[in-house]
Amino acid sequence: MMRKNDVYRLSLSALFLALALVLPFLTGQIPQLGSALLPMHLPVLLCGFVCGWPWGLAVGLIAPLLRTMLFGMPPLMPTAVAMAFELAAYGCFSGLLYERLSKTSLKGTARVFVALAAAMLLGRAVWGVASFVLYTLFLTKTFTVALFVAGAFINAWPGILAQLVLVPLIVLALERAKLIPIAGKPKPVSAN
């Protein structure tokens, strides 16, 4: 039987998954714009912070694959599969690092920013490794360091900037509103 907190996290995770499916429509299905703004990344990162690492990992893993099945975008190979690994890493590391850093001397914005920046770097590294493996096994094209740098940083800088600004603002606002405690676990649901 699920406890109330599990139902709460499951409900919030479903909300973040829905946002990950819908937000890419804001880019007008233009792949170059989507690659720059990274609309699926924001809800997955927030899910890790708000619901914890297991939920963030699950939402990150499911979102790109489900979006491909429902809407045909992003293309399954190699894009959606590599994104599934990347977003799973984002959700996992944002939640895990946020929880771990809450037990250190880092406070407020610094704690959230360090967890976010580390999760973003680790997620991009996972994307690079997954892309290299997928390109090597399934495509004739070689995944080079130049492709990694372009895909992970150069083309994605608007989305990176948006994440670095929006995620800390949202997480800190949720903390101040006492909707999520500092340890990254949702507030217990009351019996009423």
*Quick check: is even one residue across the range 60-79 crowded, with 23+ Cβ neighbours inside 10 Å, out of contact with any Phe, Trp or Tyr (no Cβ under 9 Å at 6 or more places or on another chain) and farther than 21 Å from L134 by Cα?*
no
*Among the helices (runs of 4 or more DSSP H) lying completely within the range 1-116, list those that include at least 3 residues that are of a type in the set (V, I, T) and either touching a helix residue (DSSP H, G or I) at 6+ places or on another chain (Cβ under 9 Å) or modelled with pLDDT of 90 or more (or both).*
53-71
*Hits in the range 135-152 (condition: over 11 Å from S35 (Cβ atoms) and either among the small types (G, A, S) or assigned to a helix (DSSP H, G or I) (or both))*: Y135, T136, L137, F138, V145, A146, L147, F148, V149
*Is at least one residue of the range 153-169 farther than 21 Å from G48 by Cβ, at pLDDT below 95, in a helix (DSSP H, G or I) and not aromatic (F, W, Y)?*
yes
_Test: residue in the range 115-127 that is in contact with a Cys (Cβ under 7 Å, 6 or more places away or on another chain), touching a residue at least 60 places away in the same chain (Cβ under 8 Å) and under 16 Å from W53 (Cα atoms)_ = no
*Matching entry among A150, A177 (being farther than 27 Å from L65 by Cα, at pLDDT below 95, of a type in the set (G, A, S) and surrounded by fewer than 17 Cβ atoms within 10 Å (Cβ to Cβ))*: A177
*asked:* Going by what's in this entry, would F132 be described as touching a Lys or Arg at 6+ places or on another chain (Cβ under 9 Å), within 20 Å of A84 (Cα to Cα), part of a helix (DSSP H, G or I) and without any contact (Cβ under 8 Å) to a residue 40 or more places away in the chain?
replied: no
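The values are calculated or read from the model by the stated rules, or taken from the named source; none is laboratory data. Please read these numbers as outputs of a predicted model, since none were measured by experiment. Heads up, the Cβs are rebuilt from the backbone with ideal geometry, glycines too, and the neighbour counts pull from every protein chain shown.
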